[in-house]
Structure formats: C-alpha cells, structure tokens
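Structure first, commentary second.
The values are calculated or read from the model by the stated rules, or taken from the named source; none is laboratory data. On a predicted model such as this, the values are computed, not experimentally measured, just so you know. Counting neighbours? That spans all protein chains shown, and the Cβs are built from the backbone with ideal geometry, glycine included. For accessibility, only protein heavy atoms count, side chains too; no ligands or nucleic acids. Shrake-Rupley method; radii C 1.70, N 1.55, O 1.52, S 1.80 Å.
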Amino acid sequence: VTAIEEPENFKKSRSVGAWLGLTTRRYQSGEVDYDGHISRRGDHHLRGLLYEAASVILTRSSTESTLRTWGLKLRERIGFKRAAVAVARKLAVTMHAMLKTGEFFDRNAGATT
C-alpha cells in the first residue's frame with residue numbers, strides 16, 4: 001500500500017507488474033525479437049518481498065488455492081525461480097485489484113467449477 005500509494009495511479013492492475021520490474025524486458029531490432037530477463041525496475045524491496053511470498057506459496061504453504069496450483073504447474077514446466085517471479089507478479093496484480101475494489105482475497109478466485 002505504501003509503495004503504490006494511490007491505486008488509481010494505474011489504469012490496469014497488469015501495469016503494476018511492469019512498474020515493479022517483474023515482467024520481461026523485450027529486445028527488438030530488425031528481425032530479432034526476444035524476451036530477456038526481468039527488468040528489475042521499481043522498488044527493489046517490494047519486489048524482493050513479493051518474490052519471497054511467492055516462494056513461500058510454492059514451497060511451504062499447505063493451503064490449496066488457485067494461485068498455488070497454477071504456480072506449481074508452472075514450476076514443473078519452466079523451473080522454480082521463473083515460476084516464483086510469475087507468482088510474485090500475479091500477487092502484485094491481485095493485491096492492486098484488491099486495493100482498487102476493496103475486496104478481500106479469495107483463494108478460490110478464478111477456479112473452474
């Protein structure tokens with residue numbers, strides 16, 4: 001809350017991930033187009049806290065949630081560190097949306113019934 005200050009500063013919650021440096025950098029030149037490492041822009045401390053929270057969700061948490069299930073499937077495909085960064089970005093987006101709407105976290109949000 002203190003890093004973002006006003007949730008209205010961002011039109012879309014997806015922009016928060018890029019603002020924190022949790023999205024990949026793009027390099028485009030001629031026919032070359034690839035995604036690189038995360039950009040590491042924004043608040044270093046907050047990015048570290050989100051990564052740590054994502055690591056805990058993927059390793060130590062026993063509570064089932066759609067975020068954890070998604071992160072574990074991602075970890076099998078692309079590895080732990082990349083999955084933790086993706087979960088951290090998703091946490092930032094979710095928390096911004098919660099700030100904007102005033103709703104509480106629903107661990108089963110996005111689940112198919």
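May I ask you to list the lysines whose Cα is less than 20 Å away from that of K81, ignoring any residue fewer than eight positions away on the same chain? Result set, ordered by chain and number: K73, K90.
The charge dipole of the range 11-101, taken about the Cα centre with unit charges on the Cβ atoms of Lys, Arg (+1) and Asp, Glu (-1), comes to about 160 debye, rounded to the nearest 20. Annotation: for a label point projected 7 angstrom from Cα along Cα→Cβ of T24, residues of the range 55-89 with backbone N closer than 17 Å are 74-89. Evaluating 6.51 cos²θ - 1.76 cosθ + 1.60 at θ = phi - 60° for every residue in the range 73-81, the Karplus couplings come out as 5, 5, 4, 5, 7, 10, x, 5, 5 Hz, glycine and proline recorded as x. Annotation: extensible slack from E64 through S15 equals 14.9 nm (criterion: 0.36 nm per residue apart, minus Cα-Cα distance). The calculated FRET efficiency for the pair L72 and L49, based on their C-beta separation and a Förster distance of 22 Å, comes to about 0.55.
Could you tell me what percent of the accessible area of the range 11-101 is made up of carbon and sulfur, with a 1.4 Å probe and every protein chain present? Looking at the range 11-101 in its full context, I get 52 percent from C and S.
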